[in-house]
Amino acid sequence: MGFLKSEIKKFYCAFCRTQRSVRNQIHVQFFEVAICLAASLILMLLFWQNIDFKFVAIFAILIIFSEFFIQIKQRMTMTCPHCGFDPILYKKNVQACVEKVKAHLEARKNNPSTLLSRQPKLNLPPRKQTQKLEKKMAAVVSRANQGKNLDVRL
Ligand SMILES: [Zn+2]
């Protein structure tokens, strides 16, 4: 019954580095086609009480719906449940992804149930201290400008 199990792909989140798993099914497979065919045949017998080739239209509609929902499900599972990182959104819009991760981490921090839950401890990358770097750069630039000013004055 290997065709009933969709492959589960395990990988590490690119942001929080926790291991998680995602179903590897992107499109409709044999099992869904068989279910849609059986459902369309049952609907054909319910509607027309006879063999009618109108069931092909019902079958096509069911296949379209199952493909749509499988793709929506695949897209929903791409977001990391622990840190909220969405790699697809990151490729499209980095700033929106950053805001989403910040909002998720803030909600996680303020939710007291996360302290009691079995969620793994996040291994977040260290934040760059941009303010300290900006102060150091401003000090270096001001020193360089003072030196220039001294040269000009001489
Ligand atoms: Zn993550």
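The values are calculated or read from the model by the stated rules, or taken from the named source; none is laboratory data. Because the structure is predicted, anything quoted here is derived from the model rather than measured. Counting neighbours? That spans all protein chains shown, and the Cβs are built from the backbone with ideal geometry, glycine included.
Inside the range 7-53, can you point out the residues that are assigned to a strand (DSSP E or B) and not polar (S, T, N, Q)? Scanning the range 7-53 gives Ile8, Lys9, Lys10, Phe11, Tyr12, Arg20, Val22, Arg23.
Limited to the range 55-79, what total is found for residues that are free of Cβ contacts under 8 Å to residues at least 40 places away in the same chain and closer than 23 Å to Lys10 by Cβ?
Matching residues across the range 55-79 total 4.
Applying the set (1) within 30 Å of Lys102 (Cβ to Cβ); (2) at pLDDT 90 or above to Ile35 leaves exactly one unmet item: (1). The condition of being surrounded by 12 or more Cβ atoms within 10 Å (Cβ to Cβ) and within 16 Å of the ligand (Cβ to nearest atom) holds for only one of Cys36, Cys13, that being Cys13.
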